[in-house]
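Following: one structure in structure tokens, then a few remarks.
What follows draws every value from the coordinates through simple rules; no lab data is involved. Since the model is a prediction, treat every value here as computed from it, not as a measurement. Glycine gets a Cβ as well: all are built from the backbone with ideal geometry, and neighbour counts include every protein chain shown.
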Amino acid sequence: MRRRVFTSLIVVIVLAGLLELTGLMAADARPSVQAGTSDPSDLPPPTLIFHGTIDDTVPIDQADRLAEKLKSTRVPYRYDRLEGWPHAMDLAEVVNQRCQRLMMEFFKKHLLKP
């Protein structure tokens, strides 16, 4: 249970940080929001997306559109599209471990820069 809470906390912190750093209000945190800038310091930070294709809470097309928007604005991102997986990333230990491994790789790559 402790690992589950910790992982959820990381995801919430990262999402809150993304919204705060980009200056977006929660209502504007949609893939359709345009970056509209050529200044790299004004772009959203590197973004990590996990999304199950059978998620009935958040439609998969929202993650697909977000990934396309990040790609088109050249924002560094990693999109892990989990085929046949629902909303929760902690239903099976193997999926949870995969998400944790990818998070650590992503954080090392993007957060531990000089």
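Gain on full extension, evaluated as 0.36 nm per residue between residue 65 and residue 53 minus their Cα-Cα distance, stands at 3.0 nm.
Take each peptide in 47-57, 92-102, count the other Cβ atoms within 10 Å of every residue, and average; sorted highest first, the result is 47-57, 92-102.
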